[in-house]
Amino acid sequence: MKILLLSSSYNSLTQLAHAWLKSSRYDVTVATATTAETMRDAVRQFQPDLILSPMLAQVIPRDIWEYITCIIIHPGIMGDRGPNSLDWAILNEEKEWGVIAVQAEEHVDSGPVWASYHFPMREGSKSSLYRDEVAQAAMQSMMVAVHRFETGLFVPAPLDYSRPEIHGRYRPSVKPEQRKIDWQNDGVADIIKKIRSADGQPGVLDDIGGESVYLHGAHEEGTLIGIPGDIIAKRHGAICRAAVDGAVWISHLRPKGRVADGFIKLPATDVLGDLVDEVSEIPVPLHYSTPTKTFRDIWYEERNDVGYVNFRFYNGAMGTGHCQRLTEAVMYARSRPTRVIVLSGGRDFFSNGIHLNLIEAAADPAEESWRNINAMDDLVLAVLTATDHCTIAALYGSAGAGGVMLALAADRVFAREGIVLNPHYKGMGGLYGSEYWTYSLPKRVGDVLALQLTEQCQPVSVEHAKAIGLIDDIIIQDGGCPSNFSSFQGQIVRIAEKQAHAHNFATLLEQKRQAWQTDEKTKPLDQYRLEELEEMNQNFWGEDPAYHLARSAFVRKLPRPGNLQCTANLKQA
Ligand code: COA
């Protein structure tokens with residue numbers, strides 16, 4: 001059966017759908033279509049039996065859906081319609097939400113329903129829910145819909161609002177005033193809910209010291225208090241603003257203005273500059289013992305001979321400072337009398353490599369790119385050379401570019417079922433990449449596959465990643481539940497503790513040391529780094545500005561110029 005994945009962009013959900021359909025051996029092609037005409041072109045070219053749309057900002061024209069079944073994956077419960085489903089689910093504090101696979105018809109999202117999948121709502125941002133629960137529910141309902149379509153026997157039920165089980169309804173767009181924050185009256189829970197309902201996009205518009213900014217990355221503070229509206233603390237780029245009944249940390253801001261014109265999301269203190277010069281930086285201990293509500297992006301925990309280096313970077317982007325602090329945390333973990341170190345990445349992303357927004361905003365982006373990649377290399381080196389410990393990378397969230405290579409620095413790599421890995425750099429204007437990938441990637445998958453992965457720039461499902469040796473194992477969720485961070489963590493703890501207490505632990509460690517010494521004799525890590533950085537030097541300061549143009553377009557959410565090396569408009573699996 002020929003399936004066309006019609007999507008507005010090749011975003012995470014489309015990549016996931018692509019990977020799932022490919023591993024089910026369907027003949028699948030992806031078309032990123034932004035107009036009715038490009039949709040028609042894709043259909044003419046590919047002649048699909050079925051069209052699936054995991055993420056579509058445009059309406060599919062009648063002359064397509066009348067002749068070919070088009071199933072739209074909509075992030076809402078049965079009967080829900082409208083452009084801001086998840087925003088409303090968060091604002092209305094829904095206890096349960098879902099995804100439906102709905103057939104395209106005259107009225108958007110009101111066609112017959114092929115499949116639906118529910119999940120319990122969690123307190124998280126819209127983008128976090130989208131990348132986790134929604135993504136998993138979307139894949140479940142998509143696959144059920146595909147199988148039902150394939151039988152040729154299933155007839156989807158029309159949407160009938162008189163049925164008692166239909167709880168959804170049409171909801172218009174959320175108006176900015178519906179989530180505007182009143183710092184003199186709104187409580188912490190309401191403020192966080194409003195910010196999360198609009199995070200990652202479009203953000204909640206607010207005024208800070210006369211600056212109009214969109215708020216992103218909200219975290220509850222458990223101890224600090226102050227005059228409502230005042231900024232009472234800062235920490236690692238985030239600001240803490242007092243409310244009537246507590247305080248809220250805001251990690252990122254975006255100045256009002258068009259993203260395309262360079263008004264991009266940055267750590268809050270970078271946007272506010274001297275407005276927060278006088279605000280005290282309130283530190284938080286790295287070694288975490290008492291659970292208090294606050295903002296922390298790196299923390300260390302220790303249990304039963306295992307050290308956990310936890311990191312949660314907004315969008316998985318790691319600037320120079322993030323990398324330096326994380327290196328310190330890894331070095332601290334290495335200094336502890338434990339046996340195993342777990343690198344435990346974020347819920348939304350494990351890591352997406354160097355921080356392209358911070359680089360773009362720097363006075364000298366080439367210089368900042370260099371500082372950032374060197375800081376990232378230092379971090380990876382700290383993991384690669386941890387020869388007194390066994391190391392584990394635990395990927396609950398997806399990873400891209402240098403973020404994948406960071407994971408590969410660990411001895412063992414475990415990834416959650418349903419995430420996507422993008423182990424390549426070239427899509428970013430032909431970026432060569434560093435993070436010792438020329439050492440660790442071929443070591444895992446061999447030279448031929450390493451070349452394929454880095455040249456073809458395709459997303460890799462965890463199933464494929466395991467099959468080719470890129471990762472060691474997949475952590476499958478319990479009982480078919482769409483996703484569950486604590487069950488994933490529980491499994492990682494069991495794996496780490498089992499390794500720490502293995503009867504042959506000393507032998508394993510000795511083998512690791514010997515292998516490392518042999519590798520160093522064959523070709524020292526310094527040499528890999530030097531060679532990679534020579535290429536990166538060309539990317540940053542050479543005659544071809546492709547990387548700078550691609551980065552600039554990426555952070556401005558514009559089509560990347562000359563992105564032909566990696567992403568054709570139509571991707572044949
Ligand atoms: N630096 C800064 N921001 C980044 C980032 C990076 N390295 N990688 C992703 N982001 C941001 C995006 O701008 C987006 O921001 P938003 O919240 O303002 O919308 C958010 O993270 C999600 O990214 P998006 O591209 O929408 O997610 P996706 O799941 O569809 O795609 C990737 C994931 C990793 C394939 C894609 O984000 C990517 O190519 N990132 C760049 C990776 C890279 O080249 N890193 C540098 C070399 S090491």
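For the range 465-491, a residue qualifies if it is within 16 Å of the ligand (Cβ to nearest atom) and either more than 18 Å from Leu129 (Cα to Cα) or at pLDDT 90 or above (or both), and the qualifying residues are Ala465, Leu470. Summed over the range 374-395, the residues that are out of contact with any Asp or Glu (no Cβ under 8 Å at 6 or more places or on another chain), within 16 Å of Gln324 (Cα to Cα) and open to solvent by less than 10 Å² (accessible area, probe 1.4 Å) give a count of 4. Do you know which of the residues in the range 137-163 that are of a type in the set (Phe, Trp, Tyr) and within 23 Å of Ser24 (Cα to Cα) is farthest from the ligand (Cβ to nearest atom)? Looking at the filtered set, the residue picked out is Phe154. Residues in the range 417-435 that are near the ligand (Cβ under 7 Å from one of its atoms), in a loop (DSSP other than H, G, I, E, B) and surrounded by fewer than 24 Cβ atoms within 10 Å (Cβ to Cβ): Gly427 only. Can you say whether Glu96 is under 24 Å from Phe349 (Cα atoms) and either within 16 Å of the ligand (Cβ to nearest atom) or more than 20 Å from the chain's Cα centre (by Cα) (or both), as far as the supplied structure shows? When the stated conditions are applied, Glu96 passes them. Apart from one condition, Val134 fits all of (1) over 20 Å from the mean Cα position of the chain (by Cα); (2) within 16 Å of the ligand (Cβ to nearest atom); the exception is (1).
Residues in the range 395-416 that are more than 9 Å from the ligand (Cβ to nearest atom), within 14 Å of the chain's Cα centre (by Cα) and part of a loop (DSSP other than H, G, I, E, B): Tyr396, Gly397. Would you say Ala218 is in contact (Cβ under 8 Å) with a residue 40 or more places away in the chain and in contact with an Asp or Glu (Cβ under 6 Å, 6 or more places away or on another chain)? In short, no.
Being over 17 Å from His74 (Cα atoms), out of contact with any His (no Cβ under 8 Å at 6 or more places or on another chain) and not aromatic (Phe, Trp, Tyr) is the filter here; which residues of the range 5-21 pass it? Within the range 5-21, just Leu21 meets the criteria. Pairing each residue of the range 410-438 that is in the same structural domain as Val342 (by TED's automatic domain parsing) with any residue that is near the ligand (Cβ under 8 Å from one of its atoms) and assigned to a strand (DSSP E or B), provided the two are 6+ apart or on different chains, yields C-beta distances under 6 Å for Ile419/Ser398; Val420/Ser398; Leu421/Ala399; Asn422/Gly400. Looking only at the range 377-403, which residues are closer than 15 Å to Ser351 by Cα and either of a type in the set (D, E, K, R) or free of Cβ contacts under 8 Å to residues at least 40 places away in the same chain (or both)? Selection gives Asp377 alone. Just wondering, is there one or more residues in the range 85-93 that are in contact (Cβ under 8 Å) with a residue 12 or more places away in the chain and loosely packed, with under 13 Cβ neighbours inside 10 Å? Yes: one or more hits.
Every residue, every condition in (1) within 25 Å of the chain's Cα centre (by Cα); (2) closer than 18 Å to Tyr396 by Cβ; (3) modelled with pLDDT of 95 or more; (4) assigned to a loop (DSSP other than H, G, I, E, B), yes or no:
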site	(1), (2), (3), (4)
Pro283	no, no, no, yes
Thr294	yes, no, yes, yes
Val309	yes, yes, yes, no
Thr327	yes, no, yes, no
Arg334	no, no, yes, no
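Summed over the range 293-307, residues that are over 15 Å from Met331 (Cβ atoms) and among the hydroxyl-bearing types (Ser, Thr, Tyr) total 1. I'd like the full set of residues that are buried (at least 22 other Cβ atoms within 10 Å of the Cβ) and not in a strand (DSSP E or B), limited to the range 22-41. Ala33, Met39 - these are the residues of the range 22-41 that are buried (at least 22 other Cβ atoms within 10 Å of the Cβ) and not in a strand (DSSP E or B). Going residue by residue through the range 33-47, is there one that turns out to be touching a Lys or Arg at 6+ places or on another chain (Cβ under 6 Å) and of a type outside the set (A, V, I, L, M)? For the range 33-47, residues touching a Lys or Arg at 6+ places or on another chain (Cβ under 6 Å) and of a type outside the set (A, V, I, L, M): absent.
Residues of the range 1-21 that are away from the ligand (no atom under 16 Å from the Cβ) and open to solvent by 40 Å² or more (accessible area, probe 1.4 Å): Met1, Lys2.
Step by step: first the residues of the range 276-290, then only those that are open to solvent by less than 80 Å² (accessible area, probe 1.4 Å) and either among the aliphatic types (A, V, I, L, M) or without any contact (Cβ under 8 Å) to a residue 24 or more places away in the chain (or both), then the one that is nearest to Leu215 (Cα to Cα). Which residue is that? Per the criteria, the residue is Val276.
Restricting the range 444-463 to residues that are more than 16 Å from the ligand (Cβ to nearest atom) and touching a residue at least 24 places away in the same chain (Cβ under 8 Å), which is least open to solvent (accessible area, probe 1.4 Å)? Once the filter is applied, the top-ranked residue is Val445.
Using the structure shown, decide if His107 is buried (at least 23 other Cβ atoms within 10 Å of the Cβ), closer than 25 Å to Thr34 by Cα, without any contact (Cβ under 8 Å) to a residue 40 or more places away in the chain and not acidic (Asp, Glu). When the stated conditions are applied, His107 does not pass them.
Within the range 189-198, can one find any residue that is within 16 Å of the ligand (Cβ to nearest atom) and open to solvent by 40 Å² or more (accessible area, probe 1.4 Å)? Yes, that holds for at least one residue. Yes or no: Asn484 open to solvent by 50 Å² or more (accessible area, probe 1.4 Å), of a type outside the set (Ser, Thr, Tyr), touching a helix residue (DSSP H, G or I) at 6+ places or on another chain (Cβ under 7 Å) and more than 16 Å from Tyr436 (Cα to Cα)? The answer is yes for Asn484. Of all residues in the range 339-378, those satisfying the criterion of being more than 30 Å from Gln499 (Cβ to Cβ), away from the ligand (no atom under 13 Å from the Cβ) and not in a helix (DSSP H, G or I) are Ala363, Asp364.
The values are calculated or read from the model by the stated rules, or taken from the named source; none is laboratory data. Please read these numbers as outputs of a predicted model, since none were measured by experiment. Don't worry about glycine lacking a Cβ; one is built from the backbone with ideal geometry, like all the others, and counts go over all protein chains shown. In case anyone asks, the SASA skips ligands and DNA or RNA and just uses the protein heavy atoms, side chains included. Shrake-Rupley method; radii C 1.70, N 1.55, O 1.52, S 1.80 Å.
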